[in-house]
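Worksheet: one structure, shown below.
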Amino acid sequence: MTRNESGSKVIVFGASGRVGRAVVAEARARGYEVTEAGRGDGDVTSAADVARLAAGHDAAVVAVYDAQAAPGVFFPAVARALAAGLGEAGVGRLLSVGLASVLATRSGAALMDTPGYPQEWREFYVGHGAGTDALRAAAPAGLDWAVLSPAGDFAPDGEPGGGYAFGPADAAGRITHADFARAVLDEVRAPTVHRAHTGVTAA
């Protein structure tokens with residue numbers, strides 16, 4: 001992993017959340033110039049605000065949600081705004097933080113459709129998945145995007161890391177926030193996942 005990536009600029013939408021903070025910390029450790037974008041800076045469902053905030057950046061990371069909005073409305077609106085706004089701003093790489101729930105397991109079934117998986121937040125799962133579908137449909141050719149999510153869930157705070165691997169959904173899989181952030185920044189620096197959603201788990 002390269003630790004000398006100075007001169008590049010990345011904007012993090014949702015920088016105040018746990019994932020956003022980890023990504024910001026990892027990016028700064030690598031020498032990136034980082035813009036932290038929160039709700040007070042603009043509306044992530046507005047293409048004009050996204051374009052204004054993202055202008056001049058090489059890549060964008062998005063890790064946002066709105067507890068007051070319907071997931072099936074919010075996440076597709078974010079995806080469409082990112083597709084249009086980043087395209088207008090000339091940003092070439094987007095990393096979106098997704099959910100394991102809508103990721104395919106080794107059997108091919110979505111994790112949320114496997115026996116025993118919690119269903120009380122299904123509306124949220126489906127809304128997140130609709131956001132990825134909207135991004136796939138709306139992203140311009142010049143925007144190389146990827147959706148990364150834990151393959152299962154995040155590890156408890158304080159658990160030591162040890163690297164990461166990409167793979168299908170696995171309810172037992174765990175990844176620390178720091179290792180997940182490393183995966184995100186590695187995908188900013190040297191993309192290997194293109195227009196797809198993949199899981200991240202401990203190596």
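For the stretch 96-203, the strands (runs of 3 or more DSSP E) that sit wholly inside it and include 1 or more residues that are within 25 Å of residue 16 (Cβ to Cβ) and open to solvent by less than 20 Å² (accessible area, probe 1.4 Å) are 144-150, 197-202.
Step by step: first the residues of the stretch 60-74, then only those that are assigned to a loop (DSSP other than H, G, I, E, B) and under 16 Å from residue 132 (Cβ atoms), then the one that is modelled with the lowest pLDDT. Which residue is that?
Initial filter on the stretch 60-74 (assigned to a loop (DSSP other than H, G, I, E, B)): 63-70.
Checking which are under 16 Å from residue 132 (Cβ atoms) leaves us with 63-65.
Details: 63: 98, 64: 97, 65: 92.
The residue in question is 65.
Could you list, in sequence order, the residues of the stretch 84-95 that are touching a strand residue (DSSP E or B) at 6+ places or on another chain (Cβ under 8 Å) and in a helix (DSSP H, G or I)? Matches in the stretch 84-95: 86 only.
Residues 47, 77: which one is in contact with a helix residue (DSSP H, G or I) (Cβ under 7 Å, 6 or more places away or on another chain), hydrophobic (A, V, I, L, M, F, W, C) and modelled with pLDDT of 95 or more? Quick ask: steps written out before the conclusion?
Working: 77 fails: in contact with a helix residue (DSSP H, G or I) (Cβ under 7 Å, 6 or more places away or on another chain).
Going through 47, 77 in turn, the sole match is 47.
The residues of the stretch 44-68 that are touching a residue at least 12 places away in the same chain (Cβ under 8 Å), open to solvent by 40 Å² or more (accessible area, probe 1.4 Å) and over 22 Å from residue 142 (Cβ atoms) amount to a single one, 65. Within the stretch 24-41, being on the phi < 0 side of the Ramachandran plot, exposed (fewer than 15 other Cβ atoms within 10 Å of the Cβ) and in a loop (DSSP other than H, G, I, E, B) holds for 39, 40.
The values are calculated or read from the model by the stated rules, or taken from the named source; none is laboratory data. Quick caveat: nothing in here was measured; it's all calculated off a predicted structure. Quick reminder, even Gly has a Cβ in these numbers, built from the backbone with ideal geometry, and neighbours come from all protein chains shown. Surface areas here come from the heavy atoms of the whole protein model, side chains and all, with no ligands, DNA or RNA. Shrake-Rupley method; radii C 1.70, N 1.55, O 1.52, S 1.80 Å.
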